[in-house]
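Trainee: Quick one: the structure is below, and I'll ask about it shortly.
The values are calculated or read from the model by the stated rules, or taken from the named source; none is laboratory data. No experiment lies behind these values; they were computed from the predicted model shown. When we count neighbours, we look across all protein chains shown, and the Cβ atoms used for this are built from the backbone with ideal geometry, even at glycine.
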Amino acid sequence: MLPCEVAAREILPAIRCVLAERLVKEKGFTIYKTAKLLGITPAAVQNYVRNRRGTYMKDMLEADPHISQMIDEMLELLEKRKGDITDYYCMLCSESKVYLRKGGRSIGSCFYDEVRTR
């Protein structure tokens with residue numbers, strides 16, 4: 001699988017799951033407001049909050065302190081509606097791949113990873 005396929009199928013849904021869950025359950029955002037902030041449908045948010053989607057890697061990613069800190073920063077940006085979160089998705093994805101590689105998972109590098117290490 002290509003690195004971005006792994007991201008699209010496994011990593012990004014896990015990141016969205018954590019973000020949606022925390023925005024709704026901890027921050028008190030509505031499903032609709034959360035959907036708008038994350039750029040996804042309210043049905044997707046509902047699935048993330050009910051742990052029907054994005055749970056495969058969620059616990060692994062939350063266990064890493066560095067990734068958790070990055071998610072906290074992203075939540076802060078979302079709460080304040082400051083800036084574009086696209087770059088944060090790329091950074092979180094890249095860091096998640098590093099974490100998964102440490103755990104023995106074989107995942108190739110994407111363009112962002114290559115640029116970041118230069």
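Trainee: Just to check your reading of the model, which residue among Arg16, Arg9, Arg52 is basic (Lys, Arg), crowded, with 19+ Cβ neighbours inside 10 Å and either under 18 Å from Cys90 (Cα atoms) or at pLDDT 90 or above (or both)?
Mentor: Values: Arg9 fails: crowded, with 19+ Cβ neighbours inside 10 Å; Arg52 fails: crowded, with 19+ Cβ neighbours inside 10 Å.
Going through Arg16, Arg9, Arg52 in turn, the sole match is Arg16.
Trainee: Say whether the condition of being crowded, with 19+ Cβ neighbours inside 10 Å, out of contact with any Pro (no Cβ under 9 Å at 6 or more places or on another chain) and assigned to a helix (DSSP H, G or I) is met by at least one residue in the range 101-113.
Mentor: no
Trainee: From the set of residues in the range 59-70 that are in a helix (DSSP H, G or I) and in contact with a Phe, Trp or Tyr (Cβ under 9 Å, 6 or more places away or on another chain), which is farthest from Cys17 (Cα to Cα)? Give the steps one after another, and end with the answer.
Mentor: Filtering the range 59-70 down to residues in a helix (DSSP H, G or I) leaves 59-63, 65-70.
Next, only the ones that are in contact with a Phe, Trp or Tyr (Cβ under 9 Å, 6 or more places away or on another chain) stay: 60-61, 63, 66-67, 70.
Values: Met60: 13, Leu61: 11, Ala63: 14, His66: 17, Ile67: 14, Met70: 15 Å.
In this case the residue turns out to be His66.
Trainee: Any residue that is touching a residue at least 12 places away in the same chain (Cβ under 8 Å), under 29 Å from Ser106 (Cα atoms) and part of a helix (DSSP H, G or I) - is there at least one of those in the range 37-47?
Mentor: Taking every residue of the range 37-47 in turn, at least one turns out to be touching a residue at least 12 places away in the same chain (Cβ under 8 Å), under 29 Å from Ser106 (Cα atoms) and part of a helix (DSSP H, G or I).
Trainee: Further, regarding this structure: So, in the range 32-48, of the ones that are of a type outside the set (S, T, N, Q) and touching a Leu at 6+ places or on another chain (Cβ under 9 Å), which residue ends up surrounded by the fewest Cβ atoms within 10 Å (Cβ to Cβ)? Quick ask: steps written out before the conclusion?
Mentor: As a first pass, look at the range 32-48 and keep what is of a type outside the set (S, T, N, Q): 32-33, 35-40, 42-45, 48.
Filter again for touching a Leu at 6+ places or on another chain (Cβ under 9 Å), leaving 33, 37-38, 44-45, 48.
Values: Lys33: 16, Leu37: 19, Leu38: 19, Ala44: 21, Val45: 28, Tyr48: 28.
Across the range 32-48, the extreme among qualifying residues is Lys33.
Trainee: I'd like the full set of residues that are charged (D, E, K, R) and within 14 Å of Ile85 (Cβ to Cβ), limited to the range 23-53. Give the derivation first.
Mentor: Pass one, the range 23-53, residues charged (D, E, K, R): 25-27, 33, 36, 50, 52-53.
Correct list: Lys36 only.
Trainee: Can you tell me which residue is surrounded by the fewest Cβ atoms within 10 Å (Cβ to Cβ) among those in the range 59-84 that are touching a residue at least 24 places away in the same chain (Cβ under 8 Å) and closer than 16 Å to Thr34 by Cβ?
Mentor: Of all residues in the range 59-84, those touching a residue at least 24 places away in the same chain (Cβ under 8 Å) come to 60-62, 64, 66-67, 70-71, 74-75, 78-79, 81.
Retained after the next criterion (residues that are closer than 16 Å to Thr34 by Cβ): 71, 74-75, 78-79, 81.
Values: Ile71: 19, Met74: 20, Leu75: 19, Leu78: 21, Glu79: 12, Arg81: 9.
Restricting to residues being touching a residue at least 24 places away in the same chain (Cβ under 8 Å) and closer than 16 Å to Thr34 by Cβ, the top hit is Arg81.
Trainee: Here's something else I'd like to know. Checking Val24 against (1) at pLDDT below 90; (2) part of a helix (DSSP H, G or I), which test does it fail?
Mentor: (1) is the only condition that Val24 fails.
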